[in-house]
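Please read the structure below before turning to the comments.
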Amino acid sequence: MPATPPIIIAHRGACGYLPEHTLAAYAVAYAMGADFLEPDLIATRDGELICCHDIHLDRTTDVAQCFPDRARSDGRWYAADFTLAEIRTLQACERFGDDGARVFPGRFAAGASGFAVPTFEELLRLVASLNRQSGRRVGVYPETKDPAFHIDQGLAIEPPLLALLARYGYQGRAAPVFIQSFSVDNLQMMRFEMGCTLPMIQLIEAGEEHDHRVTDAGLDAIARYADGIGPDKQRITETQGALVVGAHARGLQVHPWTFRADALGPGFSSLADEIRAFADHGVDGVFTDFADAAVAIVRPDSRQPLISSG
Ligand code: G3P
Ligand code: CA
């Protein structure tokens with residue numbers, strides 16, 4: 001393991017164990033020793049930011065049972081059509097795919113969980129309180145989901161996101177936060193038009209149509225507004241780590257995604273082998289559904305109290 005091991009980013013909380021994007025999943029990830037908690041963010045009809053991966057509510061909540069008549073003509077239930085008060089009546093559940101089957105059948109039991117869909121502010125409050133009590137400095141790693149859709153709906157994510165981060169004390173390049181987006185326009189707007197000085201990560205998908213982002217010119221462009229890249233991990237294996245070298249040469253951190261004990265990358269027989277291989281490539285962080293395992297791999301000697309009054 002390198003002298004400076006990668007930071008552990010709890011992808012959607014401890015979603016390997018609990019329904020994703022719930023306060024329970026975030027609290028468990030915190031206690032597991034994660035360095036950052038990752039929420040994806042979408043907006044409700046009344047403009048509140050909630051932690052949810054999809055602009056739809058129907059794959060991770062019981063919205064279809066609770067509001068059977070509120071789907072759009074495409075058969076999907078959009079968070080943008082529901083008030084926060086309505087969303088608070090829902091229960092979060094394990095993720096279902098478009099085929100109606102559970103995406104990860106070995107994870108938390110299907111069906112009503114008793115867990116709610118949290119607001120981003122509730123997550124910020126949770127982190128602030130746990131940090132104050134434990135003395136740790138765990139950060140947040142919010143992703144703006146489908147910013148163009150939200151602007152089109154009159155529900156832009158960026159103003160409430162930056163306002164909330166400011167209200168909870170996140171200021172400047174050293175703040176324990178990374179704002180991430182797949183959208184170049186979105187990050188550039190926050191950086192250059194909204195004056196955001198917080199760390200930013202440009203997410204980069206796999207696939208030929210996105211290859212231009214990882215060329216020398218593409219990385220040069222990203223370095224003008226972002227502090228790092230968040231590539232699909234496949235982009236690092238297929239370049240045998242050259243992407244990490246190229247990014248580091250431009251001062252960009254590299255945080256690949258997503259590391260899962262129950263869905264290993266090709267050629268790996270354990271999560272430990274996979275994370276060690278990426279650490280050896282020099283990545284600066286890893287998104288993982290299993291923060292406990294990842295912490296044990298990158299910091300095997302760590303005995304840091306996770307939640308302790310001592
Ligand atoms: O944000 C990094 C990674 O989470 C991107 O993928 O689809 O899980 O948001 P997704
Ligand atoms: Ca994400």
*Take the range 136-176, drop everything but the C-alpha atoms, weight them equally and run the Debye formula without solvent; then report log10 I(q)/I(0) at 0.22, 0.27, 0.31 Å⁻¹ to two decimals.*
-0.77, -0.96, -1.09
*Sort the range 66-171 into rounded, prolate or oblate with this rule: let a ≥ b ≥ c be the square roots of the eigenvalues of the Cα gyration tensor; rounded if a/c is under 1.5, and if a/c is not under 1.5, prolate when a/b is larger than b/c, oblate otherwise.*
oblate
*asked:* So with the 1.4 Å probe, I'd like the accessible area per residue for the chain, rounded to whole Å².
replied: 42
*Quick one, what does Rg over Rh come out to for the chain if you take C-alpha atoms and the Kirkwood Rh?*
0.95
*Simple label model, 7 Å out from Cα along Cβ direction - Asp273 to Arg125, nm*: 4.6
_Please report the spacing between the Cα centers of the range 26-48 and the range 133-209 in Å, no decimals._
13
_If you filter the range 110-212 for trypsin sites (Lys or Arg not before Pro), then keep DSSP loop positions with at most 15 other Cβ within 10 Å, what is left?_
Arg137, Arg173
*Could you work out the mean projected area of the convex hull around the alpha carbons of the range 1-141, in square nanometres to one decimal?*
9.7
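Compute the length gained on full extension between His248 and Arg76: take 0.36 nm times their separation in residues and subtract their Cα-Cα distance, giving the result in nm to one decimal. Intermediate values should be presented prior to the final figure.
Working: separation 172, 0.36 × 172 = 61.92 nm, distance 4.13 nm.
Full extension of this stretch gives 57.8 nm more.
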*Label point distance in nm, Ala31-Ala112, each placed 7 Å from Cα along Cα→Cβ*: 2.4
*Quickly work out the Thr197-to-His212 label distance, labels modelled 7 Å from Cα along the C-beta direction, and quote it in nm with one decimal.*
3.3
*Using modelled backbone amide H atoms (1.01 Å from N, in-plane), which distant-in-sequence or interchain residues come within less than 5 Å of Ile179's amide H?*
Met200, Ile201
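Give the carbon-plus-sulfur fraction of the accessible surface of the range 1-147 in %, rounded to a whole number; probe 1.4 Å, heavy atoms of protein chains only.
For the range 1-147, the apolar C and S fraction of the accessible surface comes to 52 percent.
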*Return the sequence-ordered ³J(HN,Hα) values of the range 155-160 in whole Hz as given by the Karplus equation 6.51 cos²θ - 1.76 cosθ + 1.60 applied to θ = phi - 60°, using x for Gly and Pro.*
10, 3, 7, 5, x, x
_What number do you get for the range 166-286 when its Cα radius of gyration is normalised by 2.2 N^0.38 Å, N = residues?_
1.09
*Please turn the phi angles of the range 102-112 into ³J(HN,Hα) values with the Karplus equation 6.51 cos²θ - 1.76 cosθ + 1.60 (θ = phi - 60°), one per residue in order, whole Hz, x for glycine and proline.*
5, 5, 10, x, x, 8, 3, 4, 5, x, 4
*So what does the Cα-only Debye profile of the range 131-219 read at q = 0.12, 0.13, 0.17, 0.19 Å⁻¹, as log10 I(q)/I(0), no solvent term?*
-0.43, -0.50, -0.80, -0.94
*May I ask you to compute the full-extension gain from Gln234 to Asp185, defined as 0.36 nm times their residue separation minus their alpha-carbon distance, rounded to one decimal in nm?*
15.2 nm
*Based only on the alpha carbon positions, what is the Kirkwood hydrodynamic radius of the range 200-256, in angstrom?*
10.8
*asked:* Just to confirm my numbers, what's the Cα centroid distance between the range 242-275 and the range 84-109 in Å?
replied: 27
_Let me make sure I get this right: for the range 84-240, a, b and c are the square roots of the gyration tensor eigenvalues over alpha carbons, sorted descending. Under 1.5 in a/c it's rounded, otherwise prolate if a/b > b/c, else oblate. Which is it?_
oblate
*Considering only protein heavy atoms and a 1.4 Å probe, what is the carbon-and-sulfur percentage of the accessible area of the range 181-297?*
50
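Quote to one decimal, in nm, the extra length available between Leu264 and Ile151 on full extension: 0.36 nm per residue of separation minus the C-alpha distance between them.
Contour length minus Cα-Cα distance gives 37.1 nm.
The values are calculated or read from the model by the stated rules, or taken from the named source; none is laboratory data. Computed from a predicted structure; not experimentally measured. FYI the Cβ positions are ideal-geometry reconstructions off the backbone, even for glycines, and counts take in every protein chain you see. What goes into the accessible areas is simple: the full protein's heavy atoms, side chains included, and nothing from ligands, DNA or RNA. Shrake-Rupley method; radii C 1.70, N 1.55, O 1.52, S 1.80 Å.
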